[in-house]
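So the structure is just underneath, and the comments pick up after that.
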Amino acid sequence: MQKQKRQKRVVLFTGPGCVWCTKAKNFFKKNKIKFREIDITKDKQAAADCKKHCGGGIPVILIENRWISGFNEPLIKKELGLK
């Protein structure tokens, strides 16, 4: 029996009314990728972390220790090992 690969930890930093955040959520759901969503308007530390690592703007996606600014589908797929 082949051992299943562990899914990488995915955190999606979002804000209300963000169209690109919705696109990112839909992408993860469509690809059955589990993710944790954090609204940066309700979490000041998360907002500070996003600004520190990506300079501001949302969505910000953290895959394991890799910070991605914006919804960059090719880069997200690469980081998650998707085709």
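Couple of notes before you dig in:
- Entry remark, the range 41-83: residues being without any contact (Cβ under 8 Å) to a residue 40 or more places away in the chain, surrounded by 14 or more Cβ atoms within 10 Å (Cβ to Cβ) and acidic (Asp, Glu) number 1 in total.
- Boolean, Thr14 is at pLDDT 95 or above, surrounded by fewer than 15 Cβ atoms within 10 Å (Cβ to Cβ) and of a type in the set (Ser, Thr, Tyr): no
- The range 1-16, residues that are closer than 15 Å to Phe71 by Cβ and over 10 Å from the mean Cα position of the chain (by Cα): Gly15
- Contact map, the range 11-40: residues that are acidic (Asp, Glu) paired with residues that are assigned to a strand (DSSP E or B) and surrounded by 13 or more Cβ atoms within 10 Å (Cβ to Cβ), Cβ distance under 7 Å, separation 6+ or inter-chain. Pairs shown: Glu37/Leu12; Glu37/Thr14; Asp39/Thr14.
The values are calculated or read from the model by the stated rules, or taken from the named source; none is laboratory data. Computed from a prediction, not measured in an experiment: that's the story for all the values here. A quick note on method: Cβ atoms are made from the backbone with ideal geometry, for glycine too, and the neighbour counts reach across all protein chains shown.
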